[in-house]
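See below for the structure under consideration.
The values are calculated or read from the model by the stated rules, or taken from the named source; none is laboratory data. All values reported here derive from a predicted model rather than from experimental measurement. Glycine also receives a Cβ, built like all others from the backbone with ideal geometry; neighbour counts cover every protein chain displayed.
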Amino acid sequence: MSDTDNWKIWEVFVRSKNGLSHKHVGSLHAPDAEVALKNARDVYTRRSEGNSVWVVPSEAITASAPEEKEALFTPADDKVYRHPTFYEIPDDVGHI
Amino acid sequence: METINFEDRFQEYVDSEQKVEPKHWMPEPYRKTLIRQISQHAHSEVVGMLPEANWISRAPSLRRKVALLAKVQDEAGHGLYLYSAAETLGADRSDLVGDLLSGKAKYSSIFNYPTRSWADIGAIGWLVDGAAIANQVMLCRTSYGPYARAMVRICKEESFHQRQGYEIMLSLCRGTKEQKEMAQDALNRWWWPSLMMFGPTDKESTNSAQSMNWKIKRKSNDELRQEFIDKTVPQAEFLGLTIPDEHLELDEKTGHYQFGPIDWEEFYQVLKGNGPCNKERLEARNKAHDDGRWVREAANAFAKKTLERKGENSAA
Ligand SMILES: [Fe+2]
Ligand SMILES: [Fe+2]
């Protein structure tokens, strides 16, 4: 097929309401950012799902590989002292 | 030494109800099955717009017209969510669309039946979307993450589709004698093809067992079909319509309806391309794609120009 039919992929992020972060909702094809935004409006916010949209070229995203999961994330698992419940405070102290 | 191969580890992972995500290792047949299933699902959403679009300009009121327009637009959206999900598996969008346009790819046979009267729009929303919902609710729990997420979105949107269809049937059934006959005629024509939407019986369905193992499918064709019948028969009774099946009978012991034999010969004929509208649907899709080419070209030209202008401005 011609390149007319092969626009690049954009990832779409929608903020559902002020105060919340933008959240990934899916992707779409578009020739440029402007059209990507317009398409995102039609494809992902037909029912007032949001009040702000980001579009990012998929190729601009660098993702961690699943094989790196252990190396990246397990070091945090044995650091219980990073959580408040690690510290022993008598009940009598009240809320702290 | 114990060796566990990748396939076994993948099966264990899926068995523990964890979701498979795009970059995870997966067996090639799992990937292929998903690409085929998701793209067929996407094609069905896209082709599914055609029988209903047939009535947009002739909807009997503005209220019905905006509802039908919104529904058909939703179906376009569903197609897009699904093509995106297929792309996360490495499929190329233009290949998928190309296969639909060339007639190589399959889509749900139900959309090869004609919409002869306005009542068909009611019957489609009630029965065809109803059957699709049964399948899609199950797929919200499918093992492939992006597919499951697309299904959650789709299911949220579908419930209005079925309700607007049933409301159309209800108005017709509460209307004149002719209107009620129209509704009955539509039910007569859409009932059996709707039951076929769940696919061949479990005995005949060769790929089902593997799909169930991989938790792509969570319920069998026959289970889903039975669920749909049990839910739909009382809805038909409420309308005062008769399901066109002389064998239909509630089994008091099981609480399920027994039903008559399905004409699978018809199913396979439509699947092979010999349904009443197969040719027309493909022609309409190809025409829409060709007629839209100038828009895509214009968008490309505009994108290029904008980029060049930006370049000039920053150079200056
Ligand atoms: Fe849909
Ligand atoms: Fe629908």
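Observations on the model:
- Residue in region B:176-216 that is nearest to B:G260 (Cα to Cα), counting only those that are in contact (Cβ under 8 Å) with a residue 12 or more places away in the chain and of a type in the set (V, I, T): B:T201
- None of A:A71, A:A63 is within 25 Å of B:V20 (Cα to Cα) and part of a loop (DSSP other than H, G, I, E, B) except A:A63.
- One residue from B:V47, B:V137, B:V97, B:V72 being within 16 Å of ligand 1 (Cβ to nearest atom) and surrounded by 22 or more Cβ atoms within 10 Å (Cβ to Cβ): B:V47
- Just one of the listed residues (B:L80, B:L62) is more than 16 Å from ligand 1 (Cβ to nearest atom), among the hydrophobic types (A, V, I, L, M, F, W, C) and at pLDDT 95 or above, namely B:L62.
- The helices (runs of 4 or more DSSP H) found entirely in region B:42-124 include none that carry 2 or more residues being on the phi > 0 side of the Ramachandran plot.
- For region B:1-41, a residue qualifies if it is of a type in the set (V, I, T) and outside any helix (DSSP H, G or I), and the qualifying residues are B:T3, B:I4, B:V20.
- When B:S16 is tested against the conditions (1) closer than 22 Å to B:V128 by Cβ; (2) among the small types (G, A, S); (3) away from ligand 2 (no atom under 13 Å from the Cβ), the lone failure is (1).
- Restricting region A:18-51 to residues that are more than 13 Å from chain B (Cβ to nearest Cβ) and out of contact with any Ser or Thr (no Cβ under 9 Å at 6 or more places or on another chain) leaves a set whose member that is nearest to B:E21 (Cα to Cα) is A:S21.
- Search result, residues across region B:39-87 that are closer than 16 Å to B:G98 by Cα, away from ligand 2 (no atom under 16 Å from the Cβ) and within 13 Å of another protein chain (Cβ to nearest Cβ): B:Y83, B:S84, B:A86, B:E87
- Of all residues making up region A:51-76, the number that are modelled with pLDDT of 90 or more and of a type in the set (A, V, I, L, M, F, W, C): 7
- Scanning region A:1-17 for residues that are within 10 Å of chain B (Cβ to nearest Cβ), of a type outside the set (A, V, I, L, M, F, W, C) and not in a strand (DSSP E or B) gives A:S2, A:D3, A:T4, A:D5, A:N6.
- Residue in region B:143-156 that is more than 10 Å from ligand 2 (Cβ to nearest atom), more than 14 Å from chain A (Cβ to nearest Cβ) and either at positive phi or of a type in the set (G, A, S) (or both) present: yes
- Tabulated pairs, region B:285-302, first at the interface with chain A (Cβ under 8 Å from one of its Cβ atoms), second in a helix (DSSP H, G or I), C-beta under 8 angstrom, 6+ apart or interchain: B:R293/A:T4; B:R296/A:T4; B:R296/A:D5; B:E297/A:T4; B:A299/A:V35; B:N300/A:D3; B:N300/A:T4
- Boolean, B:A209 is modelled with pLDDT under 95, among the aliphatic types (A, V, I, L, M) and assigned to a helix (DSSP H, G or I): yes
- In region B:118-137, the residues that are away from ligand 2 (no atom under 12 Å from the Cβ) and within 13 Å of B:L239 (Cβ to Cβ): B:A119, B:G122, B:A123
- Failed item in (1) touching an Asp or Glu at 6+ places or on another chain (Cβ under 8 Å); (2) within 14 Å of chain A (Cβ to nearest Cβ); (3) among the small types (G, A, S), with B:G311 passing the rest: (1)
- Positions within region B:260-279 being part of a helix (DSSP H, G or I) and without any contact (Cβ under 8 Å) to a residue 60 or more places away in the chain, in sequence order: B:E265, B:Y268, B:Q269, B:K272, B:N274, B:K279
- Yes/no for B:Q18 being closer than 18 Å to B:V152 by Cβ, surrounded by fewer than 17 Cβ atoms within 10 Å (Cβ to Cβ), within 14 Å of chain A (Cβ to nearest Cβ) and not aromatic (F, W, Y): yes
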